[in-house]
Amino acid sequence: MELLQSIADSFNYWIYIILMMIGLYALVAKNNLVKKLIGMSIFQTAIILFYVSIGYKDGATIPILYEHQAHHGHHDAGHGDAEDAHHDVEHAVEEAAKEIHAVAEDHADGHDAHADDHDTLVDSHDAHTSSAIHAEDFANPLVHVLMLTAIVVGVATLGVGLAITQKLYGEFGSIEESEIIEQIRTGK
Amino acid sequence: MIWIFDLIILVFLVITAIISLQVKDLLSAAMILGVYSFLMCLLWSGMGAVDVAFTEAAVGAGVSAVFLISTVLRTSRRSSD
């Protein structure tokens, strides 16, 4: 039962492995050269899928900064008057939130646990408004960049394989591996 | 990513991979590999890898399908397995 549960928890990894093995099977066991190359393509995309899924985080969004987040990141850079005013308003809102927090603490005298909960809640809220960029909010872009290269390399290898297939067809008049081997063995 | 959506796409990925390897007509195999690439692209955009997803849509479903079809037209369309 525990084994079944562990399989169900990570079903996506099992399916990546199944896809990879389908590709490997085609690469080894198929007789047609184009089918072999299709199998190679499936194998490559399964590996790329595995890597991209490593970079994914629960609740994360795409690794692109919005404009207001970028402004938070470069607080020292020169801002226009309108943006300064915007920051002033934001500061005032934060101050108000802190005051409300203090009042709430006064009210919750006997309930320490409840007050603590509220404390952490407000703290996380403060952290979120004061510095907007958190790594856990974004999918890891490192694997994306690496896999972008892998996709292009995959198409290049597919193109080379198909070019060799066309040359073999011109030479032997067939794209079946067994027929080509037979012709080589009998010396045409 | 919503896990049921994830599971449906993954099951269809396995199905299209098997069909594209089992079908005897190589032109159909190339088209079904294009479907496989598009499903992969959907899965990656769901995982937040938008750059990888649209590279796959352009390169995997577009260019490699064109390569395969041109090879099939220049050689033979039937496959023994």
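Quick notes on this one:
- Complete set of residues in the stretch A:139-156 that are in contact (Cβ under 8 Å) with a residue 60 or more places away in the chain and of a type in the set (A, V, I, L, M, F, W, C): A:Ala139, A:Leu142, A:Val143, A:Leu146, A:Met147, A:Ala150, A:Ile151
- Residue tally, condition out of contact with any Leu (no Cβ under 8 Å at 6 or more places or on another chain), among the aliphatic types (A, V, I, L, M) and either more than 11 Å from B:Asp6 (Cα to Cα) or more than 9 Å from chain A (Cβ to nearest Cβ) (or both), over the stretch B:31-47: 4
- The listed residues are A:Thr61, A:Thr45, and the only one of them that is at the interface with chain B (Cβ under 7 Å from one of its Cβ atoms), more than 17 Å from A:Val155 (Cα to Cα) and touching a helix residue (DSSP H, G or I) at 6+ places or on another chain (Cβ under 9 Å) turns out to be A:Thr61.
- Here B:Ser28 clears all of (1) within 9 Å of another protein chain (Cβ to nearest Cβ); (2) small (Gly, Ala, Ser); (3) within 21 Å of A:Glu176 (Cα to Cα) except the condition numbered (1).
- Here the stretch B:48-81 is the region considered, the condition is being in contact with a Gly (Cβ under 6 Å, 6 or more places away or on another chain) and more than 9 Å from chain A (Cβ to nearest Cβ), and the residue that is farthest from A:Leu162 (Cα to Cα) is B:Ala61.
Read-outs: derived from the displayed coordinates by stated rules, not from any lab. Computed from a prediction, not measured in an experiment: that's the story for all the values here. Methodologically, a virtual Cβ is constructed for each residue, glycine included, from the backbone with ideal geometry; neighbour enumeration extends over all protein chains shown.
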